[in-house]
Every structure is written in structure tokens, then in C-alpha cells.
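See structure below.
The values are calculated or read from the model by the stated rules, or taken from the named source; none is laboratory data. Everything numeric in this text was worked out from a predicted model, so none of it was measured. A quick note on method: Cβ atoms are made from the backbone with ideal geometry, for glycine too, and the neighbour counts reach across all protein chains shown. Please note that ligands, DNA and RNA were not included when accessible areas were found on the heavy atoms of the full protein model with its side chains. Shrake-Rupley method; radii C 1.70, N 1.55, O 1.52, S 1.80 Å.
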Amino acid sequence: MAKSPSFSCASCGAVYTKWSGRCEACGEWNTIQQDAGISQGPAKSLGGKRGATVQLTDLAAQEAPPPRTTSGITELDRVLGGGLVPSSAILVGGDPGIGKSTLLLQAAAQFARSGLKTIYVTGEEASAQVRMRAQRLDLADAPVKLAAETNLRDILTTLEAERPQLAIIDSIQTMWADNVESAPGSVSQVRAAAHELTSFAKRKGVSVILVGHVTKDGQIAGPRVVEHMVDTVLYFEGERGHQFRILRSVKNRFGAADEIGVFEMTGAGLAEVTNPSALFLSERGQPSPGSVVFAGVEGTRPVLVELQALVAPSPHSQPRRTVVGWDGGRLAMILAVLEARCGIPFTGLDVYLNVAGGMKISEPAADLAVAAALLSAREDAALPADTVVFGEISLSGALRPANQTENRLKEAQKLGFTNAIAPAGGKSVGVSGISLKTMADLTGFVGEVFGAG
């Protein structure tokens, strides 16, 4: 029985069973096209026949896959889970000008020097421009092959002939497949190019790194299915006003998700930051009201950052709640718990919260540090400079213990902190050189630290 044709919108990717002139999902006209049929594919697969299956237990007897290849860039290897996995597909996204091409050119040079045959394909620059950047980064002698091309068919033909071990595509939005009738960068083109390159990586044993542009909301432009296709999704983050750059893993089939690598943008490219806690706290001055050091964990790495809060009378009928580097909804929850459980109102007060250094925090263990910063700013009382705070706040006002308490305390002790405030009920850990004070609920914390409750 013949399979009925399917149609999809070239603008938003919505799927239809029949053609129509207007897409109901995005409202665009004349963007619905018939999808091309699935290609026949290779004649053989794991079992020797197309579509054949193989027992999972039989895979153990086969030859073990080659080990990961390390680049020598420790922060990049950490985020990848220990190095580059053969036949893997990696997607790297980030804001324009944040340093994606610089990072990947440095990585390509390091991988090539470690023995991997590497090809760098650019669809945004000419080969001479890439060489100019390589000279500025002192990478002109790296054994990396360059190609300036956007036609996907020509790129796959070149990769098939060269048989590299690593191919970097900069960027996926500039690639176009001649069998898809839409403009480069459209949903259909990005989906088709990502599918072909990912399939090529699995079929030929080539590791492929794709660069992806992001939208104004910070998401990688194009269909979300691209993130499902690849093995690893990395985001390159940073504020233009700071020299820090953070490479964050949000998906990794071969390592820990939410791992971060920290870099510093210099005139000679991106430099590794082996101790990010010291860097984030390097500009911290004397203790001041509203400043609290939070002992956090990003992936498997403990990181100390400074939380800054400002509470001031509001001239407006609707007070402002401004957050940079944290979740605004969680700030509203903390303010509600402080008023409902501790009787401390913030009505008529503007509240500003900032994570210093351009860092972004997502873990709930920052709740107690945020509450401490807000109370410190409201009461105009500074916390001791040698104290770190961490813990999660529940809606009842109780404090919940955070994971990896020992690692947090060790990182704090290493940077010279001697006191820590954390929730009670966690695993009993002791770190020499640091005094741990535990609290059962938020009311007790307010009474102990600020003398009220």
C-alpha cells in the first residue's frame, strides 16, 4: 500500500496531511510544501541487512569503540564529558559576536594538533578571513583544512572524499540543500541540513560540530527537532560588558548535563579559567548591605558567585521587580514567603537582584542566599565577608538541604571563607577550617542572622 504524501510548512515546520494555501499555525501564505520521500539509505546496517536487528548482548563481543579524543582545552573537554566522542553530532549556540567561531577555531586547531584530521567549513566568511583570524590567534600553523561553501551537497561530497575525523560547520543556518525549495535559514532548510549532517556523522564515523544562531529569546533558531537530532547541545553565554564567557551543556548523551566551562575573552582569543570562583569574586570589595556569596554547583563543579540585591522605596504605584541572572518567578516566590511566613513585607519597595560577573544561576539552592541578600539590603545590614550561604526554601518556610554540601564547603574553604549557613537535615559533613551553622526554617534564619523573627 502506497504511503500518502505529507506536507509541511517551510516557515514554522507544521505538518499537514494535504496541501493548503495558508498555514494555520503561523499564518503564512504559500509556504506549505510536499515533503520528499525517505531515501533508500545504505544497503547494510548493524545486522548486515537494511532494517535488521541485533541483540544488545552481541554488541559486547564486538570491537570496543575508540576512546574519546581530548583537545587540550580543559574547559571544553569538561563540558563534552571528557573529550570528543567519535561519530558524535554537537550543536553549539550563542549570541552574535559572543565568540563561537573563535572558540571552535581554537578547538579545531587543538584537535588537529592532537592527531585528528579536521576540516573547518564556513558559510559566513571567506577562507582568507578565517586565515586572518587564525593568524591573530597564533593558529596559522595548525594542520586544519578550510572550506568556504554553503551548498550541502558539495559539502557532503567533500567530506566523503576527504574522510576527516572532525568536521566543523559554521553555521547550520547558512547551509542549503538544493532538494528543498525554501530560502537558506528557513525551518525546512535547517531541519534538512541538520538531518543530513547528523546521518553522515553516524554513517561515516565523523564527528560533526554545528554552529547555530540564536533568536532574541536565546533559543537556537530553527526547529526544536534539531536539538533532538544531535547528541550534545552547548550554549555559549556571556555579557558583553564582562570578559567572562560560559560554555554550558544543556544536553549530553555522553556526559553530565548542566556542566559548565569558563573562559575569559582576551586579545589573543579565549583563555581558560581554571578557578572560576576566584574570578567571579575577584571584583568583590568590602562587605556591603545586599551582598551575599552563594556556594553553588554547576554540573559537577562547585562555583562561588556574589548575589547583589537593592531594595529602595518605589515612586510608582506598581513596584519594580528586576532580576539579572536568575529566575524572576522564583524571586516573586521568595518575596511572598518572606511576607507570609516571616511577616516581612516588601510592599511599596522596588527590588533589584543581580548575579555578579554575568553568571546565570538556575538551581533552587540559591533561594536562601537570595533571601539573605534581600533582607540585608532591606535592613541595611551587611553579612560577614567570610560567610557563604546556600539552601532551598519551600513555600511553608522550611529550609531544604542542598546536594553536594561537602563540595560546596570545600570550595568555600579553599577561597578563604570560614563560615557557612545551610539548611539542617542534610548529610552530616565536616570540612576543616570552616564553621557550618544549620537552620531549620526561614524564620529561624531571620532571627539568628538579622535579630528579628
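The accessible surface of the chain, taken with every protein chain in place and a 1.4 Å probe, is 51 percent carbon and sulfur. Can you give me the angle between helix 100-113 and the longest principal axis of the chain, using Cα atoms only, in degrees from 0 to 90, rounded to the nearest 10? The angle comes out near 70 degrees.
Basic side chains Lys and Arg get +1 at the Cβ, acidic Asp and Glu get -1 at the Cβ, and with that the dipole of segment 279-450 about its Cα centre reaches some 220 debye. Axis of helix 152-162 versus longest Cα principal axis of the chain: the two differ by about 80°, to the nearest ten degrees. Taken about its Cα centre, the chain carries a charge dipole of about 980 debye when Lys and Arg each add +1 at the Cβ and Asp and Glu each add -1 at the Cβ. Computed over protein heavy atoms with a 1.4 Å probe, the accessible surface of segment 318-453 works out to 44 Å² per residue. For segment 258-414, averaging the sequence separation of C-alpha pairs within contact (under 8 Å, six or more residues apart) and dividing by the residue count gives a relative contact order of 29 percent.
When only Cα pairs below 8 angstrom with a gap of at least 6 residues are kept, segment 74-274 shows a relative contact order of 30 percent.
Shape class for segment 279-450: prolate, because the ratio a/c of the largest to smallest gyration tensor axis (alpha-carbon atoms, square roots of eigenvalues) is 1.5 or more and a/b beats b/c. Ranking Gly81, Gly328, Gly430 by Cα position along the charge dipole of the chain, where only Lys, Arg, Asp and Glu carry charges on their C-beta atoms, puts Gly81 farthest toward the positive end.
To the nearest 10 degrees, how steep is helix 367-379 against the longest Cα principal axis of the chain, on a 0 to 90 scale? Computed tilt is about 50 degrees. Each label point was placed 7 Å from the Cα along the Cα-to-Cβ direction; for Asn179 and Glu448 their separation is 6.6 nm. Does segment 74-274 classify as rounded, prolate or oblate by the C-alpha gyration tensor (a ≥ b ≥ c root eigenvalues; a/c under 1.5 gives rounded; else a/b over b/c gives prolate, otherwise oblate)? Verdict is rounded for segment 74-274. Taking 8 Å as the Cα distance limit and 6 or more residues as the minimum spacing, I'd like the relative contact order of segment 80-192 as a percentage. Result for segment 80-192 is 25 percent. What FRET efficiency do you get for Ser396 and Arg253 if R0 is 41 Å and r is their Cβ-Cβ distance, rounded to the nearest 0.05? Given R0 = 41 Å and the Cβ-Cβ separation, E is 0.60. By the rule of a second cysteine Cβ within less than 4.7 angstrom, the chain holds isolated cysteines at Cys342.
Charge tally around Leu335: other residues with Cβ under 11 Å, Lys/Arg +1 each, Asp/Glu -1 each, net +2.
The candidate values were (1) 69, 24, 18; (2) 46, 27, 22; (3) 35, 30, 24; the one computed from these coordinates for semi-axes √(5λ) of the Cα gyration tensor in Å carries the label (2). Close amide H partners of Asp35, meaning residues 5 or more places away or on another chain with modelled amide H under 5 Å apart, are Ser6, Phe7, Ser8.
A 1.4 Å probe run over the protein chains yields, for segment 74-274, 40 Å² of accessible area per residue, whole-number rounding.
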